[in-house]
Structure formats: C-alpha cells, structure tokens
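All remarks here apply to the structure that follows.
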Amino acid sequence: MASVKIQFRGSSVAGREGTIFFRVIVGRKTRRINTDYHLFPGEWNNEKATVVSQSGTQREEYLRMVKGAIHAERSRINKIIHNLDMGGAVFTAGDVVAEYNSYVNRYSLFQYMEVLIAKMKGNGKLGTARTYHAALRSFRKFRDGKDMLIDSITTETMEAYEAWLTRRGVTPNTISFYIRILRAVYNRVVEQDVIEDRRPFRHVYTGIDKTVKRALPLRSIRKIKTMNLSEDPRLDYARDMFMLSFYLRGMSFIDMAFLRKDDLKEGYVTYRRHKTGRRLTIAWTQEMQSILDKYPENNTDYLLPIIRNIGINELFAYRNAAYYINRSLRRIGTKSKTSDRLTMYVARHSWASVAKSKGVPLSVISEGMGHDSESTTRIYLASLETSVVDRANSLIISSL
C-alpha cells in the first residue's frame, strides 16, 4: 500500500518561513520529496494539510499559487504510484522518488525547451531555434530564472506572464509570438500523452494584430536608388545594401551577410535560408554586380562587404553591421521623405509588394521569397522553375 502526505516543517529561527515537503510511504518505508514552497506557520493548517488563504494581504496571490502547485505536485506523485502499481512489479518508496526526479528532469519547462532547441539546431532549423530561444529567454526573465514543470503551467501563469510583458511595453504581436511558442511546447508534451491538456492558454492573446505597413511603393524605391549620397559613405553603403536586398528578391540581411563567394557560380547565387533551411537559387544580375564592384574584394570567404575581417565573432559582426545599417537607413528614409522607419526588412516587404503590383502571381512571390508556410503567404504551390522566378525579378528590377 502506497500513499503520499503533505507536511510542513517550521523554521528553527523565529519569524522565518518553514518549508513544505511530501512524504512518500510504501509499506513501512518512507522517502521525502522536498519543494521550494515556503510558508509562515500561520499560513498552514496542519490538521487539514492545506494552505490557509489570507484575502486582502500581500501574500494572497503567492498563497493561492502555492496551494495550486501543491495540489498539482500531489496529483503527479499519485499518478507515478498508480503507474508503478499497474506495472505489477514490487516497488519501494525510493522507486517512487526516483521516477519523480526523472520526470522533473525531463519535463521541466526550461530543460525541455533547451533540449528541443538543441535538436532544432542539429536538424539545421536555426531560425526556429532562435525564435524558441527568444521565447525561453523572455519567460525565464519573467520567472526570475526559476524553472517550472510543464504540467504546472496554468491560466493564471499565462495571464500573469501576459500582464508582465504588457507592463514592459512589449507589443501585442510579440506577446502573442512568445505565448504561441510556449503553447506549441505545451501541446507537444500533451501529444506525447505525458500530461492532460488543461488549456492554460485560453485566456491570453495568441492572435496577430495588423502592423504598420512596411512596404514601399516602386516610386519610393526608385527615389532611394537615385539619391546622391556620395558625400556620406555610411549612408551610401546602407543604401547599397538595401537595394541589393531588394534586387535579391528581398533576401534577409542575415542571409546576405553569410553568403559565401562559392555560392555565386555561373551567374547564379545558391544559398540556404537561415530561418527555414530552404535552398534558393537567384540569377545574379548586372545591378547586383555593380554594387559589389563599388567595394574592395572581401578578404574573408564571404561574398558581400558585411563581414569583412578574419578571426572575429561573425555573429557579432553581422549584428553590429545590421545595427549601423538600419540606423543609416532611418536617416535616408527621413532625408528622402519616403519612410521614417526605413530598415533592411522594408526591402523584403517592398519586393513582395512591388511584385504583386506588377501582377506577379502569389505563388511566384512565395517561391521567390523562400516562404515555407501557407500562413506566411496564404498560398504555397509546387516549386517553380528558377527561370520563372528570375523573370519576375528581372521585371521588377527593370522597372526602376
């Protein structure tokens, strides 16, 4: 016969909090499972083995959280006992504790996400890994670095996280982005039949708000292209990188930065998107070569003048370049009166927008940009021949 008891041990120091622990009893043997829940003696009812609620106090929310967490922990231990009992083999209190510790190691949120991120990187899904890492980093700050079990995520947890992000000035779309990733992790564990789906995300926002339009019309792109920026090399360089992104079918800046010289062969650039790992091929045009010819040949293995030094932290160099280019682009946008929020990402949006205005089919735009999801472009057809997309790109470039 196995059972679980919740017990409170007061502190030996007067006025200090005591601790909650579980006593696992199998036969006449007992083992203990400690917790991180701390209460003052007046906050615990020993007879009923429960937390004493204290409405209207500063500790009210914490006590409610502890009460729910204790209930969840007890249910978890009882489930382990049930599974061991159904197995038919003789087990001890030590076996129960060992199973509990194994479960905690596998299904604590931080640990589980870190393992998941490592697998994504190993499978070449670097972009997805970065987004999961961003969500993990945010939630870890919210929790002050304190991990929690995935099955302990509640509606209260997510509502508190959403409120915390809002207070910090995070935009609704970014909040939704983080929460959707956490929901995907939670659902993954549910699908593995490890936990029951208690729908903890039902009261938080997981939609996508309409954002400020980033795409520029063709006349604005043409105006940026023809600006005389010769007196300010920094602005001229930023404009060149912006135009090169546009010419390259809205190639993202990270993909531009890590293009290698051997990616350009026989008039074509072939590369894999960092975000999705998808392979793309783009015809190398005279407009692209003209920009490249303005700058000394890169001393590194990279094609473009972005990461230009050997033996440095390349990721840091890319981020540093992105910061200074985007800062210069904002000045160009203000100076040209085209956009007060001109960034490298605007080039990507603009290519798609101009392509659409030229009557290029949405399926061709999707292929040209390397989109990998129907939710991104609303339509995704079978792969098109590179020549079809390149003809669309030539049509756009010739319009400038």
So which residues in the range 123-132 are in a helix (DSSP H, G or I) and open to solvent by 60 Å² or more (accessible area, probe 1.4 Å), if there are any at all?
LEU126, ARG130
Considering the range 47-70 alone, what residues qualify as being within 15 Å of PHE8 (Cβ to Cβ) and exposed (fewer than 12 other Cβ atoms within 10 Å of the Cβ)?
GLU47, LYS48
Of the residues in the range 210-226, those that are surrounded by 15 or more Cβ atoms within 10 Å (Cβ to Cβ) and in a loop (DSSP other than H, G, I, E, B) come to ARG214, ALA215, LEU216
Please work out if HIS349 is touching a residue at least 40 places away in the same chain (Cβ under 8 Å) and assigned to a loop (DSSP other than H, G, I, E, B).
no
Filter the range 10-34 for residues that are open to solvent by 20 Å² or more (accessible area, probe 1.4 Å) and within 41 Å of the chain's Cα centre (by Cα); which is farthest from VAL104 (Cα to Cα)?
ARG16
Residues in the range 133-150 that are in a helix (DSSP H, G or I) and touching a Ser or Thr at 6+ places or on another chain (Cβ under 8 Å) total 1
Close pairs from the range 29-44: first closer than 28 Å to VAL90 by Cβ, partner among the aromatic types (Phe, Trp, Tyr) and in a strand (DSSP E or B), Cβ under 9 Å, at least 6 apart:
ARG32/PHE21; ARG32/PHE22; ILE33/PHE21; ILE33/PHE22; ASN34/PHE21; ASN34/PHE22; THR35/PHE21; THR35/PHE22
I'd like the full set of residues that are in a loop (DSSP other than H, G, I, E, B) and either closer than 15 Å to TYR302 by Cβ or hydroxyl-bearing (Ser, Thr, Tyr) (or both), limited to the range 248-274.
LEU248, MET251, SER252, PHE258, LEU259, HIS274
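The values are calculated or read from the model by the stated rules, or taken from the named source; none is laboratory data. Small disclaimer: the values here were computed from a predicted structure and weren't measured. Neighbour counts run over all protein chains shown; Cβ positions are idealised from the backbone, glycine included. Surface accessibility is based on the protein's heavy atoms, side chains included, excluding ligands, DNA and RNA. Shrake-Rupley method; radii C 1.70, N 1.55, O 1.52, S 1.80 Å.
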